[in-house]
Amino acid sequence: ATSRLLVNYQEPYRSQILDYLFKPNFGASLHILKVEIGGDGQSTDGTEPSHMHYENDENYFRGYEWWLMKEAKKRNPQIKLIGLPWTFPAWIGKGENWPYDYPDVTAYYVVSWILGAKQYHDLDIDYIGIWNERAFSSKYIKLLRYTLDKHGLQQVRIIASDRLWEPISFVLLIDSELHGVVDVIGAHYPGTKTVPNALLTKKKLWSSEDYSTFNDEVGAGCWARILNQNYVNGNMTSTIAWNLVASYYEELPFGRCGLMTAQEPWSGHYKVEAPIWITAHTTQFTQPGWSYLQVDGHLEGGGSFVALTDGLGNLTIIIETMTHNHSQCIRPPLPHFSVTPQRATFYLKGSFYMVETLQVWHSRLGFESGNSSLFQQLHPVKVWKGSFSLDLNVDEVYTLTTLKAGQKCGCPEPPPPQPFPSNYKDDFNIRNPTFSEAPNFADQTGVFEYFINASDPGDHAFTLRQVVVQRPITWASDADQTISIIGNFQWVNMTLTCDIYIENQHDGGVFIAGRVDNGGIYVRRTKGVFFWVFADGTYRVTGDLAGEEILMKGLSGVRGNAWHTLTLNIQGTSASGLLNGYPLWENVTISKPSNGWAAIGTRSFEFAQFDNFHVEA
């Protein structure tokens with residue numbers, strides 16, 4: 001759920017961001033895009049909607065991943081696409097929190113997503129994963145291959161198991177049928193190392209999720225080091241960064257752990273961070289289908305190099321000399337090593353002996369000085385009788401290449417940063433929305449979608465509706481309530497108003513909230529000021545999403561299947577609430593949290609609607 005805020009950037013800024021990520025010879029020029037197959041559950045920084053909320057439901061226009069893949073393909077038709085589920089809708093497990101009891105159902109569900117990508121968006125999915133960082137089932141993987149083939153999807157490759165090198169590598173060695181259907185072993189955060197069994201399988205080895213590091217200069221150092229050393233130490237020929245672009249509220253888990261930052265659609269501000277240009281050192285001068293040369297890529301003075309060829313006479317060499325303290329990734333821990341300035345001599349043999357000059361691109365990450373030089377073209381290097389030498393300093397990246405490609409785009413500066421608007425309204429009155437979800441609302445449990453009330457005479461024809469009615473097969477600890485957050489985490493005093501409609505007449509309930517202090521994988525422990533009304537005619541004020549810390553309770557007269565207006569006012573250490581414009585409770589003392597987002601949500605996984613949302617903070 002990391003691209004949430006990207007979709008409602010205004011042009012030209014949105015296209016500029018996408019260009020920096022995907023446009024060839026421009027910025028990061030990415031070769032591969034991996035997207036979540038939304039499953040209605042929390043997947044780190046929010047939930048992504050499923051294409052099948054319910055068994056009899058199919059919709060291939062929810063969420064923003066279809067749009068993102070199309071934007072990537074529009075810029076680079078050659079880009080490879082991967083889909084991987086984190087969570088699954090409840091019906092897949094028929095009541096169990098497990099996707100493998102009915103493997104035929106799960107395979108049908110995943111293959112439907114691949115078919116929908118093609119049918120509705122003309123997107124060819126290249127690789128499909130199993131279940132992110134969770135157990136795999138050999139029976140399911142074999143059934144998935146069978147189901148793909150049955151639907152004419154022989155070209156879709158299977159990657160497993162998006163967790164650790166084991167047990168998948170061992171199982172592939174002892175199960176020849178499984179060995180025949182898995183094309184790539186994908187490991188997460190391998191620390192540049194692989195294991196003997198993985199090598200013995202003779203499969204392609206990928207670091208299928210890596211990086212996940214704050215995108216400052218140290219993050220760029222981490223990325224430069226692993227892009228090379230995942231191959232040098234671990235034979236991995238693909239490295240995939242989580243995440244593409246930091247387009248989610250920064251105070252959610254792993255804030256700014258993207259290759260660049262675009263978390264302010266309301267201002268248009270974004271920042272092309274150093275990892276973008278580190279990426280370009282590899283991606284602008286190689287392509288999928290190129291081969292790594294099997295050389296020992298360790299440099300004597302520390303650091304590493306890789307060499308790749310297209311097999312048609314082109315050669316690209318990428319060198320990195322990242323020091324330990326300037327290249328630590330978020331995980332795993334990095335054993336000590338030292339890097340010193342050195343002179344390195346390279347010898348070109350065989351068909352490369354005839355190379356006379358190499359183009360040079362250079363980055364230096366500036367830690368002491370604070371100013372980095374990123375992706376600058378230097379004078380070409382002359383190759384003399386098949387050899388050349390370079391003086392390498394620490395914390396540098398060099399690309400030497402026969403390709404004349406390479407470009408450092410300079411787009412105009414984006415607008416300056418601005419906080420989220422302190423007066424924000426949304427009436428959800430949009431007949432044909434481009435996206436299924438209202439801008440800036442970041443669902444943290446449940447899914448909130450635009451809804452058209454066919455039966456409503458007009459005032460509430462267009463609403464926002466919570467649509468997940470059974471707890472999904474979870475990946476994280478989703479809350480027992482549903483919640484969508486919005487706004488500025490620094491907000492202290494606020495007045496929040498929203499029309500609400502409880503659809504579950506027996507035990508339904510909804511809330512509006514302020515000073516909401518948590519989300520993502522930590523959503524269960526969310527605190528704030530929560531104003532609840534229930535279908536049984538009662539209300540509550542609580543200090544937490546779980547509803548355990550009760551600050552006030554009483555009768556409200558609210559009923560299901562009727563519209564009511566809730567207002568929550570928080571000023572300093574005091575809060576009050578209005579129902580349909582009349583005071584319902586007041587002078588409730590608030591100690592903490594001292595600040596946070598605004599939010600809406602429901603008591604359980606239940607249908608409910610919201611309209612005319614307004615916050616003044």
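Things worth noting here:
- Shape call, the range 445-504: gyration tensor on alpha carbons, a/c limit 1.5: oblate
- Which of L153, Y140, L68, positive extreme of dipole for the range 31-163 (C-beta unit charges): L153
- One chain, two ends: Q418 and K139. Fully extended at 0.36 nm per residue, the span grows by 95.3 nm beyond their Cα-Cα distance.
- Positive-pole candidate from T538, G410, N423, dipole of the chain, charges at beta carbon: G410
- Kirkwood-Stokes translational diffusion coefficient of the range 254-299, alpha-carbon pairs, 4 °C, 1.567 mPa s, µm²/s: 95 µm²/s
- The packing ranking, built from the mean of other Cβ atoms within 10 Å per residue, places the peptides 406-419, 563-576 in the order 563-576, 406-419, highest first.
- This model, with +1 at the C-beta of Lys and Arg and -1 at the C-beta of Asp and Glu, gives the range 519-617 a dipole about its Cα centre of some 220 debye.
- Rounded percent of accessible protein surface that carbon and sulfur make up, the chain, 1.4 Å probe: 50 percent
- Pairs from K34/K349; K150/K204; K425/K592; K118/K204; K204/K271; K34/K204 whose Cα-Cα separation, in the structure shown, is over 28 Å: K34/K349; K204/K271
- Placing +1 on the Cβ of every Lys and Arg and -1 on the Cβ of every Asp and Glu, with nothing else charged, gives the range 423-616 a dipole about its Cα centre of roughly 380 debye.
- Inter-part distance where the range 554-584 and the range 176-191 are each reduced to a Cα centre, Å: 54 Å
- Leading residue at positive end of dipole, the range 1-125 (Cβ point charges), from V111, G38, P24: P24
- Sequence-distant lysines (8 or more away, or on other chains) whose Cα lies within less than 17 Å of K202: K193
- Only helical runs count toward this figure. For the chain, summing -39,500 (n - 2.57) over DSSP H runs of n ≥ 4 and dividing by all residues gives -4500 deg cm²/dmol at 222 nm.
- Take each peptide in 180-186, 81-87, count the other Cβ atoms within 10 Å of every residue, and average; sorted highest first, the result is 81-87, 180-186.
- Fraction of antiparallel bridges per DSSP, the chain only, in percent to nearest 5: 80 percent
- Gain in span if fully extended, K74 to I330, counting 0.36 nm per residue against the direct Cα distance: 88.9 nm
- Value of D in µm² per second that Stokes-Einstein yields for the range 184-308, Kirkwood Rh from Cα pairs, at 25 °C (0.890 mPa s): 158 µm²/s
- About its Cα centre, the dipole of the range 31-163 is roughly 540 debye, where the only charges are +1 on Lys and Arg Cβ and -1 on Asp and Glu Cβ.
- Hull shadow area, averaged, the range 507-617 [alpha-carbon convex hull, nm²]: 6.6 nm²
- Largest-first principal axis extents of the Cα set of the range 151-218 (Å): 44, 32, 15
- Free-standing Cys, the chain [no other Cys Cβ under 4.7 Å]: C257, C409, C411, C498
- Per residue, the convex hull spanned by the Cα atoms of the range 398-451 measures out at 260 cubic angstrom.
- Cβ-derived FRET efficiency at R0 22 Å, Y120 paired with S455, nearest 0.05: 0.20
- In this calculation the C-beta distance from M354 to A562 is compared with R0 = 56 Å, giving a FRET efficiency of 0.10.
- Normalised alpha carbon radius of gyration of the range 47-150 [divisor 2.2 N^0.38 Å]: 1.07
- Beta bridges per DSSP with both ends in the range 20-174, % antiparallel, nearest 5: 10 percent
- Here the calculated FRET efficiency for F170 and Q571, from their Cβ-Cβ distance with R0 = 51 Å, stands at 0.25, rounded to the nearest 0.05.
- Convex hull volume per residue for the chain, taking Cα atoms only, in Å³: 157 Å³
- log10 of Debye I(q)/I(0), alpha-carbon scatterers only, for the range 423-616 at 0.10, 0.11, 0.15 Å⁻¹: -0.35, -0.43, -0.83
- When you restrict to C-alpha pairs under 8 Å that are six or more residues apart and normalise by the size of the chain, the relative contact order lands at 13 percent.
The values are calculated or read from the model by the stated rules, or taken from the named source; none is laboratory data. Only a predicted model underlies this, so the values are computations on that prediction, with no experimental measurement involved. Reconstructed Cβ throughout: ideal geometry from the backbone, glycine too, with neighbour counts over all protein chains shown. Side chains included, ligands, DNA and RNA excluded: accessible areas come from the protein's heavy atoms. Shrake-Rupley method; radii C 1.70, N 1.55, O 1.52, S 1.80 Å.
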